[in-house]
Amino acid sequence: MKASAVAMLVSLCVLSSVGAQLPPGAPDLGFEELATGPYSRMHMLYERTIFGIDVLTVEIRFDGPTAERLQRLASGQPYGERLAGQVVEAALEAEAVFVTLEFERDVALGRWVEGAREGLDRGWTAGLIEEATYRHVHDNLPRWFDVVAGRGFRAADRILYRGYPDRLRTVLLSSDADVLLDQTDQGASHRRALLAGYLAPGTDFRLPLIRSLLE
């Protein structure tokens, strides 16, 4: 996404309902298999930078082994770029993750796709995403979410991503708790690409997300 478009988009915060349970209407995504203790989640609020309007909340939850690794790396450590790189490396290797995006206001599909592609671009440029996966996700995002092409994303819509060792499941849940999309992409590279889109150097999300882990 160009700088002007980034300024019109947002920053991430904890999704309060996800911290305790899945939202109503969500399918069984094995949420209980994830860790709940220290160093098990990242979170932040993404806002319009000019007007300070909340647009999107996001939470990333990790499995127990990843949370333990993150704790060993980061416990008692101040933020620094070396530590940030180590945290991102550990996060990208997580075999089980749960990422939730909740829209705080209406967002057009095209604008959201633009923002998602910018994160993918950053991840690919940094060498964190395989080229084949990058091309596949970049090209297919508008088609995957075509179900909301007419209405866009509405306030309280949620995108739920559940990463497993060998696949990534994506669920789009409407504000009325209707499942609008439920698809599975095979291969660990899709899970890694999702995380890299938020944690790669140069994204608006990297610094706040990593700092949230250290709080």
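Structure notes:
- Members of segment 137-156 that are without any contact (Cβ under 8 Å) to a residue 24 or more places away in the chain and closer than 20 Å to L92 by Cβ: H138
- Residue count for segment 158-201, restricted to those that are of a type in the set (D, E, K, R), crowded, with 17+ Cβ neighbours inside 10 Å and more than 21 Å from M42 (Cβ to Cβ): 1
For every residue, the table says whether it meets (1) among the aromatic types (F, W, Y); (2) modelled with pLDDT under 95; (3) in contact with a Cys (Cβ under 8 Å, 6 or more places away or on another chain).
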{"position": "I129", "(1), (2), (3)": "no, no, no"}
{"position": "T133", "(1), (2), (3)": "no, no, no"}
{"position": "N140", "(1), (2), (3)": "no, no, no"}
{"position": "F145", "(1), (2), (3)": "yes, no, no"}
{"position": "G150", "(1), (2), (3)": "no, yes, no"}
{"position": "L173", "(1), (2), (3)": "no, no, no"}
{"position": "L181", "(1), (2), (3)": "no, no, no"}
{"position": "L195", "(1), (2), (3)": "no, no, no"}
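- Whichever residue in segment 90-128 is farther than 19 Å from T66 by Cβ and of a type in the set (V, I, T) and, among such residues, is nearest to the chain's Cα centre (by Cα): V113
For every residue, the table says whether it meets (1) over 25 Å from A74 (Cβ atoms); (2) assigned to a strand (DSSP E or B); (3) within 17 Å of the chain's Cα centre (by Cα); (4) at pLDDT below 70.
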residue	(1), (2), (3), (4)
L12	no, no, yes, yes
P23	yes, no, yes, no
D28	yes, no, no, no
M44	no, yes, yes, no
G52	yes, no, no, yes
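- Only a single item in (1) surrounded by fewer than 22 Cβ atoms within 10 Å (Cβ to Cβ); (2) in contact (Cβ under 8 Å) with a residue 60 or more places away in the chain is not met by A108, and it is number (2).
- With respect to the conditions (1) assigned to a helix (DSSP H, G or I); (2) closer than 28 Å to H138 by Cα; (3) at pLDDT below 85, S17 lacks only one, and its number is (2).
- Top-ranked residue of segment 25-44 - restricted to ones that are free of Cβ contacts under 8 Å to residues at least 60 places away in the same chain and of a type in the set (G, A, S), ranked as surrounded by the fewest Cβ atoms within 10 Å (Cβ to Cβ): G37
- Failed condition for E95, given (1) in a helix (DSSP H, G or I); (2) touching a Pro at 6+ places or on another chain (Cβ under 7 Å): (1)
- Counting only strands (runs of 3 or more DSSP E) that sit wholly inside segment 119-215, those with at least 2 residues that are of a type in the set (D, E, K, R) and within 16 Å of E59 (Cβ to Cβ) are 158-164.
- Annotation note: of E102, E215, the sole residue that is surrounded by 23 or more Cβ atoms within 10 Å (Cβ to Cβ) and either β-branched (V, I, T) or at pLDDT below 95 (or both) is E102.
The values are calculated or read from the model by the stated rules, or taken from the named source; none is laboratory data. These numbers were taken from a predicted model, which means no experiment stands behind them. Note: ideal-geometry Cβ built from the backbone for every residue, glycine included; neighbour counts use all protein chains shown.
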